[in-house]
Amino acid sequence: MVIYFIFAFHIKKQCAYEESLTNIILKNLLLNPKNTKNMNIDVEIDKNSGYCFGVEYAIQMAEDALLEKKSLFCLGDIVHNDMEVKRLNALGLKIITRDDLQNIHNASVLIRAHGEPPETYQLALKNNIELIDASCPVVLKLQNRVKNSYDNLQENNGQMVIYGKEGHAEVIGLVGQTNQNAIIVGGEHELDKIDFSRPITLFSQTTKSTAGFYKLKDKISEKITEKNGNLADFDANDSICRQVSNREPQLQLFAQSHDVVLFVSGKKSSNGKALFETCLKNNAKSYFIENESEIDENWFSDNIKVGICGATSTPMWLMENVKNFVNKL
Ligand code: SF4
């Protein structure tokens, strides 16, 4: 009992959101006396999880700019993690939408790692907005490849296909390189958007699953053959970021080597969903949580190994909080 109260006292000082954690612990303590049994649990954070360099760079740029500016706009959530967005909000970062941008003048706006379409840069110029561009270099390179390929496709009536999620910020930026003409395909169920008798160039959103991309590539090849199209006119480019695809085999091993896996990620994160699938395939006792308040004590038993991992948008401090919570069980 004493340990729990001391723990609750210390974490209350960390930041505002942790106040709710204190309440959870105290509530658990009062309602669930078995909390006091002190399970012997070995907890490990996956050393390969946490921010990719693109997200790390964007957050660093935001923090540096906030030191000078006190207030800064960011076009969309800087990272698909509500906890980290709240932390940066408290430092003065204000999240705005594309619609909001129309009415903002003479201000500073941060472009997050996902990148933006050309129209955003044009609007910034028109509204005298200073852009702090934290677009990930991997995304910028992909935008450039999509633009060049799209321009070449015009010569032979070809189609640009993007394997990605409709409405996702990175996909909006990629489609913007094609005058909004790229066809967005989220999976096999959307293949009827493509004309298989015409040339096709395929790229992927950087955070999609590698398995999903190659499945789609095979399906498109099958359809081209069925429709008597020419496979030589199909150019498939695996543009999944290696920060994501390299994590899949590492996560497989990590998930297999623990009894229970806690996957920490924002629910809006694309690579969070893809990487969690990898955990689940390799360990049925894998749980997707946004933070420690979603942990159910019944997932654990005595003498087990618990692995904590996350998406490329999961801050290390959040995984540390989850670890501290489990250590107190
Ligand atoms: S996942 Fe890759 S492409 Fe996306 S922000 Fe991170 S480093 Fe850049």
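The values are calculated or read from the model by the stated rules, or taken from the named source; none is laboratory data. This is a predicted model, so every value here is computed, not measured. Glycine gets a Cβ as well: all are built from the backbone with ideal geometry, and neighbour counts include every protein chain shown.
Summary of computed values
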quantity: Criterion violated by Ala113 - all others in (1) away from the ligand (no atom under 16 Å from the Cβ); (2) of a type in the set (A, V, I, L, M, F, W, C); (3) not assigned by TED's automatic domain parsing to the domain that holds Leu231 satisfied; calculated: (1)
quantity: Those residues of the range 236-249 which are touching a residue at least 40 places away in the same chain (Cβ under 8 Å) and not in a loop (DSSP other than H, G, I, E, B), in sequence order; calculated: Gln243, Val244, Arg247
quantity: Single residue of Ile96, Ile111, Ile104, Ile78 found to be among the aliphatic types (A, V, I, L, M) and under 23 Å from Trp317 (Cα atoms); calculated: Ile78
quantity: Test: residue in the range 288-303 that is crowded, with 18+ Cβ neighbours inside 10 Å and of a type in the set (Gly, Ala, Ser); calculated: no
quantity: Members of the range 307-329 found to be within 21 Å of the chain's Cα centre (by Cα) and either farther than 26 Å from Tyr57 by Cα or assigned by TED's automatic domain parsing to the domain that holds Arg112 (or both), listed by number; calculated: Gly307
quantity: Residue within the range 151-172 that is within 24 Å of Tyr51 (Cβ to Cβ), away from the ligand (no atom under 16 Å from the Cβ) and without any contact (Cβ under 8 Å) to a residue 24 or more places away in the chain present; calculated: yes
quantity: Scan of the range 148-166 for residues that are out of contact with any Pro (no Cβ under 9 Å at 6 or more places or on another chain) and surrounded by fewer than 20 Cβ atoms within 10 Å (Cβ to Cβ), ordered by number; calculated: Asn148, Ser149, Asp151, Asn152, Gln154, Glu155, Lys165, Glu166
quantity: Any hit, the range 291-299, residues being over 26 Å from Ser245 (Cβ atoms) and either part of a strand (DSSP E or B) or hydrophobic (A, V, I, L, M, F, W, C) (or both); calculated: yes
quantity: Residues satisfying the stated conditions in the range 167-207, i.e. charged (D, E, K, R) and either in the same structural domain as Gly115 (by TED's automatic domain parsing) or surrounded by fewer than 21 Cβ atoms within 10 Å (Cβ to Cβ) (or both); calculated: Glu188, Glu190, Asp192, Lys193, Asp195, Arg198
quantity: Of residues in the range 110-137 being more than 24 Å from the chain's Cα centre (by Cα) and part of a helix (DSSP H, G or I), the one surrounded by the most Cβ atoms within 10 Å (Cβ to Cβ); calculated: Ala124
quantity: Members of the range 173-212 that are within 23 Å of Val55 (Cα to Cα) and out of contact with any helix residue (DSSP H, G or I) (no Cβ under 8 Å at 6 or more places or on another chain); calculated: Val175
quantity: Within the range 224-249, tally of residues that are surrounded by fewer than 13 Cβ atoms within 10 Å (Cβ to Cβ) and under 15 Å from the mean Cα position of the chain (by Cα); calculated: 1
quantity: Tally of residues being within 20 Å of Gly167 (Cα to Cα) and of a type in the set (A, V, I, L, M) across the range 98-133; calculated: 5
quantity: The one condition in (1) of a type outside the set (Phe, Trp, Tyr); (2) in contact with a strand residue (DSSP E or B) (Cβ under 6 Å, 6 or more places away or on another chain); (3) free of Cβ contacts under 8 Å to residues at least 40 places away in the same chain that Thr210 fails to fulfil; calculated: (2)
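Residue-by-condition table, conditions (1) modelled with pLDDT of 95 or more; (2) farther than 25 Å from Asn230 by Cβ; (3) in a strand (DSSP E or B):
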| position | (1), (2), (3) |
| --- | --- |
| Val139 | yes, yes, no |
| Val146 | yes, no, no |
| Tyr150 | yes, no, no |
| Glu155 | no, no, no |
| Met160 | yes, no, yes |
| Gly167 | no, yes, no |
| Gly173 | yes, yes, no |
| Gly176 | yes, yes, no |
| Gln180 | yes, yes, no |
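The rows are residues; the columns are (1) away from the ligand (no atom under 16 Å from the Cβ); (2) part of a helix (DSSP H, G or I); (3) buried (at least 19 other Cβ atoms within 10 Å of the Cβ); (4) in the same structural domain as Ala169 (by TED's automatic domain parsing).
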| residue | (1), (2), (3), (4) |
| --- | --- |
| Leu251 | no, yes, yes, no |
| His258 | yes, no, yes, no |
| Lys268 | no, no, no, no |
| Leu275 | no, yes, yes, no |
| Lys281 | yes, yes, no, no |
| Lys305 | yes, no, no, no |
